[in-house]
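A.B. asks: Quick one: the structure is below, and I'll ask about it shortly.
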Amino acid sequence: MDKTSRTSENGRWLGMTTARVNRKQEDLIVDLHVSLPWELEEDILSRVPPQSLVRFRAVSKRWNSLFNNKSFINNHLFLSRPQFIFLTKSKMYSIDIIDQRINLRKLHSSCGDLNLQYRTITTCDDLLFCKYPPFYSKMETALWNPWLRQANLIKLSVGKDFNVAGLGYDNNRPQKVHKLLLYFPPREVAIYECASHVLRLVSMSSKPLNSLGRFSNPCLLPLQDKPCLCELLLAIWKGDRFSLLKQCYLTRKIEIWVMENKIDDREEVVWINLLTLTAINLPNLFHKKYGVSYFIYDKTLFMCCSDDKDRHPCIYIVKGDVCNKIQMGYGKVDWFSHCAYVPNLISVPLEFQI
C-alpha cells in the first residue's frame, strides 16, 4: 500500500473513531440529563435569575409547576442577590453590581397606563410599590414585579385627591389582607382594603391614631449619640427583620445594625452591630435630595444616592476602610427615584387586579 493510500485509510479510521467518540459524548450528555437527581436540578434552577426562569417555563410542565411552588419561590428569593431599581421620568432600570462593576438592565413596567414621572418607589412583600410625592396628588398607585412583567394600576374613585402613604397587610388572618394607607390633606386619612375595595375614612382631628387599626409596639433604636447628630436609615434585612444604617454627622463613620431575631411584637428587640465602616471618602448622607437606598451583601455595604458635589446618581461600595464610587453615567438628571430590591418570582396578588 502506497503512502497516499495509507494516509487516506488512516483518515477514514480517524473519522470513524471521532464519530464514535462524539456519539458517546452525546449519549453521555443524554444519560446525565436523564439521571440528574430532581433535588439537584431544583437546586440549580433556584440559582438562576428570574428573567431566565420566565423563559424556562416553556421547557416542561414540571418546570412550570416548580416555578409556581411556594417553597421554590421562597428558596429562590433567599438565594438571589439584591439589586437596585432606578427610576427616571420615563425609564426604569435594574442595577446589578458584580466585581465592582454595574450592569444596567432596562425594565418594562408592563402597564400602559403607568406614568413614571415623579413617582417614588419602594418595596412591600418583595414587590415594587410606587406612589406620588405629596405635592403631586394623583388618584392612583401601582404594584408590580418587573421580572414577571406583572403590573397592576390601582385607580380609586373616592371623590378627592389623595396621597398614598404606604401599603401593609393584616397578619392576624391565615391569608394576607392588603390595605393602602391614604392621606387627604390637611388632617384626614383613610384605609383602603384591596380585597373588598372598601374605603374607610378617619378624621385625625376627632379620633386617635390607633383607630386606624392595630399598630405594633415601636422598638428602641441603638442610639448612643444624640439623634440630631446622626443620619438614620432603616431597611429590610434578610426579608424578615430590619437593618439600620447610622452615619455620624461629624466623622461620617457608618455603622450597620441588624435585628438579631425576626420581627415579633411579643419579644424585645435586640440589635447587633454588624459593620463599622471608616473610609475617609464616605459620602455625606445627610439631606440627600433624592434619598439613600442601601443593602448589605457579603459583609459589604452597597448604597445608591447622588454624589456630594454634582448630584450625579452614583453607586457606593464600602467594605472596611475602602469606599469605591461608581458614577452611573447619566450625568446630572432632573429627577430620579431608587430602592433596593431582590429579584424574585412572586406574583402580584389577585386582589390588586382592579
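The values are calculated or read from the model by the stated rules, or taken from the named source; none is laboratory data. Everything numeric in this text was worked out from a predicted model, so none of it was measured. Every residue, glycine as well, gets a Cβ built from its backbone with ideal geometry; the counts of neighbours run over all protein chains shown. Each accessible area value is taken on the protein alone, full model and side chains, heavy atoms only, with ligands, DNA and RNA left out. Shrake-Rupley method; radii C 1.70, N 1.55, O 1.52, S 1.80 Å.
A.B. asks: For region 249-270, give me each residue that is over 29 Å from residue 179 (Cα atoms) and either of a type in the set (S, T, N, Q) or at pLDDT 90 or above (or both).
C.D. replies: Once the filter is applied, which keeps residues that are over 29 Å from residue 179 (Cα atoms) and either of a type in the set (S, T, N, Q) or at pLDDT 90 or above (or both), region 249-270 yields 251, 252, 253, 254, 255, 256, 257.
A.B. asks: Within region 168-186, take every residue that is assigned to a strand (DSSP E or B) and open to solvent by 30 Å² or more (accessible area, probe 1.4 Å) and give me the one that is modelled with the lowest pLDDT.
C.D. replies: 170
A.B. asks: Every residue in region 79-92 that is at pLDDT below 90 and either within 13 Å of residue 121 (Cα to Cα) or of a type outside the set (Ser, Thr, Tyr) (or both), please.
C.D. replies: 87, 88, 89, 91, 92
A.B. asks: Which one is nearest to residue 340 (Cα to Cα) among residues in region 289-303 that are open to solvent by less than 20 Å² (accessible area, probe 1.4 Å) and in contact with a Leu (Cβ under 7 Å, 6 or more places away or on another chain)?
C.D. replies: Filtering region 289-303 for residues that are open to solvent by less than 20 Å² (accessible area, probe 1.4 Å) and in contact with a Leu (Cβ under 7 Å, 6 or more places away or on another chain), the one nearest to residue 340 (Cα to Cα) comes out as 294.
A.B. asks: With the structure loaded, tell me whether residue 189 is farther than 30 Å from residue 48 by Cβ, modelled with pLDDT under 70 and either among the aliphatic types (A, V, I, L, M) or part of a strand (DSSP E or B) (or both) or whether it fails that test.
C.D. replies: No.
A.B. asks: Continuing with the same structure: Suppose we filter region 66-102 for residues that are among the hydrophobic types (A, V, I, L, M, F, W, C), open to solvent by less than 20 Å² (accessible area, probe 1.4 Å) and part of a strand (DSSP E or B); how many remain?
C.D. replies: 7
A.B. asks: Here is a follow-up. Suppose we filter region 236-256 for residues that are within 23 Å of residue 80 (Cβ to Cβ) and without any contact (Cβ under 8 Å) to a residue 40 or more places away in the chain; how many remain?
C.D. replies: Counting residues in region 236-256 that are within 23 Å of residue 80 (Cβ to Cβ) and without any contact (Cβ under 8 Å) to a residue 40 or more places away in the chain gives 5.
A.B. asks: Working only within region 292-326, note down all residues that are modelled with pLDDT under 90 and closer than 19 Å to residue 234 by Cβ.
C.D. replies: None; the set is empty.
A.B. asks: Related question: Considering only region 312-348, state which residues are among the aromatic types (Phe, Trp, Tyr), touching a Pro at 6+ places or on another chain (Cβ under 9 Å) and open to solvent by 20 Å² or more (accessible area, probe 1.4 Å).
C.D. replies: 330 - this is the single residue of region 312-348 that is among the aromatic types (Phe, Trp, Tyr), touching a Pro at 6+ places or on another chain (Cβ under 9 Å) and open to solvent by 20 Å² or more (accessible area, probe 1.4 Å).
A.B. asks: Of everything in region 127-147, what is touching a Pro at 6+ places or on another chain (Cβ under 9 Å) and either in a strand (DSSP E or B) or modelled with pLDDT of 75 or more (or both)? Give them in sequence order.
C.D. replies: Within region 127-147, 127, 128, 143, 145, 146, 147 meet the criteria.
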